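J.: Handing you a structure now.
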Amino acid sequence: MHFLYNIVIQITGSLLNFIALFNSKIKLFVDGRKIVFPTLEQKIKPSDKTIWFHAASLGEYEQGLPVIEKIKEKYPLHKIVITFFSPSGYEVRKNNTVADVTVYLPLDSKKNAQRFLDLVHPDMVFFIKYEYWLNYLNELKKLNTATYLISGIFREEQMFFKWYGGFYRKALDTFSYFFVQNEGSKKLLQQLGKTNVAFSGDTRFDRVAAILEKDNDLDYISQFKNNTLTIVVGSSWPKDEALLLDFINSNTLNVKFIIAPHNIKADQIEQLKNSITKKTVLFSEMQEKNLADFDVFIIDTVGILTKIYSYADIAFVGGGFGNPGVHNLLEPATFGVPIIIGPNYSHFAEATALVNMGGCISISNETELIAAFKDLIIDDSFRSEKGHICSSFVQMNKGATNIIMKNIAK
């Protein structure tokens, strides 16, 4: 099976090189990996001590950030190396300040894994949430490198728990310790005979709880809001926006809207703006405008949505009408903002919990959307109650980072 796995990796690499000729995102994926080894050779000396963190994409990076920061404090003489698999993570966070080196993870061939680990020679390795690259794991096991999974989550449908998943189960032997998000994941690993498992919870709660201590002021958002009740639509997709447009255009209540689409391609942003009949301004066009005069603010940039949520009175978090489902609810939740989402959220434990607790409202159609918005807009106490549920949920679930730090490198 490992032989077939290596063939698949090789074929995938060839296909990606071809697709990159026609797809800009895949081109970033391919071209970014061409400079990985030269970058490592330049920035890491054989005498350097290093610690390696791997994140699939932006969400996993944010999830692991509290641990990365604590590790950096505990091991100040080590260089921190962060790798990403996806361009949507690397391109946004390639200039982060917490790592000494940030690169793409080379495709998981045996040759790449050996060369990467020879150049990085990490004392410890952390995989965030998931991504089990077999050649990297096998080489780490050979090197007897301390390897941890943080904020891990396991489900019965994963290959580890199938009769044909033996070669994947063997890869789990690499891990020195598993820090998982829930008791279900712990039980599944214990069924495989793993005793090196701790239910730590999700480090994302630590990250979003810490946001409250940071400066979240954005003067231009404050100017736009102008002491008016504001609905923030975060990480929206076209399916979300199609449902929202009629409400935005027909709304007669004293409400403003901030929309931060997941995709900020110029043509899609222009199409969204043209679909809105209310007075609308783009982030890229806001210079020398009186933002208080506008009803809708479209954020056609990245990296500021978290701070924008601090100005929200109500949040609609996108992705819930697509697959795999809703985006990050914890950022608006930490600010005590009541949340509305689409119906696809069952794969996300925090969304399921917040819906069950009543801090988050799941809607399936436009009628339910309008009813939820109107209830939250008109009833101040109802809105405040749901917001309090959200903020309390975050505070009750923080602490995963401390559990992890107490158990690593003993």
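J.: So residue 23 clears everything in (1) surrounded by 14 or more Cβ atoms within 10 Å (Cβ to Cβ); (2) within 25 Å of the chain's Cα centre (by Cα); (3) of a type in the set (S, T, N, Q) except one condition, right? Which one?
T.: (1)
J.: If you don't mind, another one. Within the stretch 299-313, is there a residue that is under 28 Å from residue 92 (Cα atoms), touching a residue at least 12 places away in the same chain (Cβ under 8 Å), surrounded by fewer than 20 Cβ atoms within 10 Å (Cβ to Cβ) and aromatic (Phe, Trp, Tyr)?
T.: yes
J.: Now, a different point. So in the stretch 62-111, with the set limited to residues that are of a type in the set (Ser, Thr, Tyr) and either open to solvent by less than 10 Å² (accessible area, probe 1.4 Å) or not assigned by the TED database to the domain that holds residue 129 (or both), which one is nearest to the chain's Cα centre (by Cα)?
T.: So, considering only residues that are of a type in the set (Ser, Thr, Tyr) and either open to solvent by less than 10 Å² (accessible area, probe 1.4 Å) or not assigned by the TED database to the domain that holds residue 129 (or both), the one nearest to the chain's Cα centre (by Cα) is 83.
J.: Right, here's the next one. If I filter the stretch 210-219 for residues that are open to solvent by 50 Å² or more (accessible area, probe 1.4 Å), modelled with pLDDT of 95 or more and in a helix (DSSP H, G or I), do I get at least one hit?
T.: Yes, the stretch 210-219 contains a residue that is open to solvent by 50 Å² or more (accessible area, probe 1.4 Å), modelled with pLDDT of 95 or more and in a helix (DSSP H, G or I).
J.: Here is a further query. Just to confirm my filter: which helices (runs of 4 or more DSSP H) fall fully inside the stretch 331-406 and include at least 3 residues that are assigned by the TED database to the domain that holds residue 320 and touching a His at 6+ places or on another chain (Cβ under 7 Å)?
T.: Fully inside the stretch 331-406 and qualifying: nothing.
J.: Quick one: in the stretch 45-61, of everything that is open to solvent by 20 Å² or more (accessible area, probe 1.4 Å) and assigned to a loop (DSSP other than H, G, I, E, B), which residue is nearest to residue 96 (Cα to Cα)?
T.: 57
J.: Every residue in the stretch 126-177 that is touching a helix residue (DSSP H, G or I) at 6+ places or on another chain (Cβ under 7 Å) and part of a strand (DSSP E or B), please.
T.: 126, 128, 147, 150, 151, 152, 177
J.: May I ask you to list pairs of residues, at least six apart or on different chains, whose Cβ atoms are under 7 Å apart, with the first in the stretch 214-238 being farther than 20 Å from residue 376 by Cα and the second being β-branched (Val, Ile, Thr)?
T.: 218/304; 218/308; 221/308; 235/317
J.: Picking from 264, 269, which residue would you name as being open to solvent by less than 40 Å² (accessible area, probe 1.4 Å), within 30 Å of residue 369 (Cβ to Cβ) and of a type outside the set (Lys, Arg)?
T.: None of the other options fit; the residue is 269.
J.: For the structure I just gave you, tell me whether residue 153 is within 25 Å of the chain's Cα centre (by Cα), closer than 29 Å to residue 372 by Cβ and at pLDDT 95 or above.
T.: No; evaluated as a whole, the condition is false for this residue.
J.: Any residue in the stretch 181-200 that is without any contact (Cβ under 8 Å) to a residue 24 or more places away in the chain sitting within a Cβ distance under 6 Å of a residue that is part of a helix (DSSP H, G or I)? List the pairs, counting only those 6 or more apart or interchain.
T.: 197/186; 197/189; 199/183; 199/186
J.: At least 2 residues that are outside the structural domain of residue 371 (by the TED database) in each: list the strands (runs of 3 or more DSSP E) lying fully within the stretch 253-326 that qualify.
T.: none
J.: A further question on this structure: Looking at residue 403 and the list (1) hydrophobic (A, V, I, L, M, F, W, C); (2) in contact (Cβ under 8 Å) with a residue 24 or more places away in the chain; (3) in contact with an Asp or Glu (Cβ under 8 Å, 6 or more places away or on another chain), which single condition is not satisfied?
T.: For residue 403, the exception is condition (3).
The values are calculated or read from the model by the stated rules, or taken from the named source; none is laboratory data. For clarity, every value in this text was computed on a predicted model and none was experimentally measured. All Cβ positions, glycine included, derive from the backbone under ideal geometry; neighbour counts span all protein chains shown. Areas reflect the complete protein model, heavy atoms only, side chains present, ligands, DNA and RNA absent. Shrake-Rupley method; radii C 1.70, N 1.55, O 1.52, S 1.80 Å.
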